[in-house]
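Some notes on the structure that comes next.
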Amino acid sequence: MNLTATNRRAQITSILGTVACWAMAVLVVGVCVFIIGYLMQQGASSISWKFLSTDPSGSIAEGGGGGVRVPLVGSALLIILSMLVAVPLAVASAVYLAEYMDEGRSLTRIVRVGLEVLAGVPSVVFGMFGLAVFTLPALAFVSAAGADNHSDAYGRSFLVAGIVMGIHVLPFIIKVAEEAIRNVPRSYRSGAAALGMTKWRAIRKIVLPAAGPGIATGIILGMGLVAGDTAIVWLTLGGTMTMAADAWWAPSNALTVLRGSGSTLTTFIYYNSPAGEGNSIGLAFGAAVLLIGLLLVLNIITGVIARYQARAGRAA
Amino acid sequence: MADSAVMNETSSFDSGFLTQLSRHMDVQRETANARPIISSDNLGVHYGRKQALEGVSLEIPIHRITAFIGPSGCGKSTALRCFNRMNDEISSFKMTGTITLDGQDIYGRGVNLTALRRNVGMVFQQPNPFPMSIYDNIALAVREQKGRVPRAELDSVVEHSLVQAGLWEEVKNSLKDSAFSLSGGQQQRLCIARALAVTPAVLMLDEPCASLDPISTAKIEELLLELSADYTIVIVTHNLAQAHRISDQVAFFLMGKLVETGETRTVFEAPRFGETANYIQGRFG
């Protein structure tokens, strides 16, 4: 019995494999750090309170100066609107899929395939769809009335963008929410049933609250998707650097603003980049830094939720 | 029929060191004078093509502890779950025969599942407290039954349930703590308290001590003995010693059939059937 025999070849292969994996991971992280670092370096100088609180100056002649307040508010507004559309639909669908749908039926397969297809539709196609639908005269109330010699509705507004964006992120939130609901242990449902609770009461009082952190994570990640999308915003919101009403914060102007055009951080970046109309690439980088910062904050929040969930000992 | 010589060998069951923990070795009560609260008549169960139970006819006497015993897969849990219609949740479940609770057919037309399950409570093998505080676990059960309840009344029902489950002294100062902060045995007693909070007539337990240590098991056994004064207890157990320790009546299941029922002492000391004797002596399990 030789306990000290070694297999050099196996040892070398093992070490090479480990190093290769490690190197790939370092490469990926390195690329991410480089991108964020470069953006920070280019855009950090633009960030100031003035930048955040002044509106963009619309004049191209001035080389597009000013700040980023309108796009910043636009992004926030778009996130709120799209979540108002998406969250109730997503949670209700997720509950249905996880609790009521019978996996064996053919209707189930149709629904699942439909969701997969919806998830795969490119955002620019969604934007085209939104434009096509909301330029119908019947839907003129959602956006400003048609331009002078067009009978179509304008088809672009915060409301339109909010609705289209909400539908775009719907499959993603449904998937995360359904997963969260399915992860709630069966034993809770058995316990509830044994107490005489109906299925709906058990869902309302026990299952949904237990799935809450998971669903919240899905919503926050959905917000990230909304914040980062450009195609839908560009097509269904336009790229105007001002709100439809000057005093956009006044509640009486709410409907005008919502039915009007505007911009978000993403369209602001596009607008000010060499590909867009402006030449102020510094402003574009500044807005990019803001956007990355927003996404990082959202991801940190999901991390906090995950740690809270683990600490509360959700697992039975 | 069993050989009488074999019968003499099985006259008493040795439960080893746990004898010290249990003071109730000879506490079995007669069951002849206790009227049946649940009875089944020729109960048969199929899951799709597979037959799980056949021709099960038995009676559960009121205010006694009845134990269902038998090897794994014999159908004792299936039978238990018929009594509160938990098997209804399984789509391939089909049932024949009748089961009556207090004289009423529980599978009859117009029977409300919620009402049935509030009269026949259930505790499961793995403790399954809800992901909320100790207080809320019980409060939820009460509110679901009674709707809006004044805080004082809710407090009193929660306390009473925890006292009945023998858990009050241990948790009275930490009612707002998460139910998961309790040990396994405490969680199981919480589940018992929760089941009792809706004041059922019958409490069914499906191998409640299977995942617990001997000391927690002994506490729960003592608890069940106390509760049987006010409730009817049906317990499924694969632990023969436990059945012998606490039950007044046993029902021995084997491969989907009910082989024998009777007073515990009689079945353990002088079973009518060879299979029963073999099982009790540990010749198979």
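The calculated 222 nm mean residue ellipticity attributable to helices in chain A amounts to -21500 deg cm²/dmol, summing -39500 (n - 2.57) over DSSP H runs of n ≥ 4 and dividing by all residues.
Of A:39, A:170, A:72, which is the most mobile in a GNM of chain A whose springs link Cα atoms less than 10 angstrom apart? Looking only at A:39, A:170, A:72, the biggest GNM fluctuation is shown by A:39. Alpha-carbon geometry of the stretch A:183-316: the Rg and the Dmax are 21.8, 68 Å, given in that order.
Ignoring lysines fewer than eight residues from residue A:199 along the same chain, the ones with Cα atoms less than 30 angstrom from its Cα are A:175, B:50, B:76, B:94, B:146, B:176. Working note: Debye formula, equal point scatterers on the alpha-carbon atoms of the protein assembly as shown, no solvent; log10 I(q)/I(0) at q = 0.08, 0.12 Å⁻¹ is -0.77, -1.13. Straight-line cross-link reach from residue A:205 at under 15 Å between alpha-carbon atoms covers these aspartates and glutamates, not counting any fewer than eight positions away in the same chain: A:99, B:136, B:144. Neighbouring Cβ atoms from other chains, within 10 Å of the Cβ of residues in B:130-136, number 4 on average. If eta is 1.567 mPa s and T is 4 °C, what Stokes-Einstein diffusion coefficient results for the stretch A:49-311, Kirkwood Rh from Cα pairs, in µm²/s? Once the numbers are plugged in, D ends up at 64 µm²/s.
In the elastic network of chain A, a GNM with C-alpha springs shorter than 10 Å, the most mobile of A:202, A:76, A:194 is A:194. Residue separation of residue A:301 and residue A:50 scaled by 0.36 nm, minus their Cα-Cα distance, works out to 87.7 nm of gained length. Net length available on complete extension from residue A:111 to residue A:24 is 27.5 nm, with 0.36 nm assigned per residue and the Cα-Cα distance removed.
Based on the Cβ-Cβ distance of residue B:155 and residue B:226, what FRET efficiency does E = 1/(1 + (r/R0)^6) give at R0 = 35 Å, to the nearest 0.05? Efficiency computed from Cβ-Cβ geometry: 0.95. Peptides B:85-93, A:239-247 ordered by packing proxy, namely the average of other Cβ atoms within 10 Å per residue, highest first: A:239-247, B:85-93. Taking a cut-off of 28 Å, what percent of all Cα-Cα pairs in chain B are separated by more than that? Percentage above 28 Å: 38. To the nearest ten degrees, helix B:214-227 and the longest principal axis of the Cα atoms of chain B are 80 degrees apart.
Between residue B:35 and residue B:112, what's the calculated FRET efficiency when r is the beta-carbon distance and R0 is 30 Å? Round to 0.05.
Working: r = 24 Å, r/R0 = 0.80.
The computed FRET efficiency comes out at 0.80.
Taking the Kirkwood radius as the inverse of the mean 1/r across Cα pairs, report the Rg/Rh of the stretch A:187-231. Here Rg/Rh amounts to 1.29.
State the three equivalent ellipsoid semi-axes of the stretch A:1-46, derived from the C-alpha gyration tensor as the square roots of 5 times its eigenvalues, in descending order and whole Å.
45, 7, 5
The modelled label-to-label distance between residue B:257 and residue B:47, using points 7 Å beyond Cα along the C-beta direction, is 2.1 nm.
Write down, largest first, the equivalent ellipsoid semi-axes of the stretch B:46-113 in whole Å, where each equals the square root of 5 times an eigenvalue of the alpha-carbon gyration tensor. Provide the component values of the computation, followed by the final result.
Working: eigenvalues 73, 65, 20 Å².
Equivalent ellipsoid of the stretch B:46-113: 19, 18, 10 Å, largest first.
The GNM of chain B, with springs linking C-alpha atoms under 10 angstrom apart, assigns the highest mean-square fluctuation among B:121, B:256, B:73 to B:73.
Here is how the number arises for chain B: DSSP H runs of 4 or more residues each give -39500 (n - 2.57), the sum is divided by the residue count, and the result at 222 nm is -10000 deg cm²/dmol. Legend: calculated FRET efficiency, residue B:210 to residue B:104, from the Cβ-Cβ distance at R0 = 25 Å, rounded to 0.05, equals 0.20.
Screening chain A for DSSP H helices whose Cα atoms reach 15 Å or more along their own axis and whose mean Kyte hydropathy is at least 1.0 gives A:8-43, A:69-95, A:106-120, A:123-134, A:158-182, A:208-228, A:281-311.
Given the Cα-Cα distance of residue A:199 and residue A:7 and 0.36 nm per residue of separation, how much length would full extension add, in nm?
Working: separation 192, 0.36 × 192 = 69.12 nm, distance 6.01 nm.
Value of the extension gain: 63.1 nm.
Taking amide H positions as modeled 1.01 Å from N, with prolines and chain starts lacking one, the residues under 5 Å from residue B:68 and 5 or more places away or on another chain are B:235, B:236, B:237, B:251. Taking all Cα pairs closer than 8 Å and separated by 6 or more residues, the relative contact order of the stretch A:157-316 comes to 27 percent.
None of the figures in this text is laboratory data; all of them are computed from the coordinates on show. What you are looking at is a predicted structure, and each value in this text was computed from that prediction instead of being measured. Don't worry about glycine lacking a Cβ; one is built from the backbone with ideal geometry, like all the others, and counts go over all protein chains shown.
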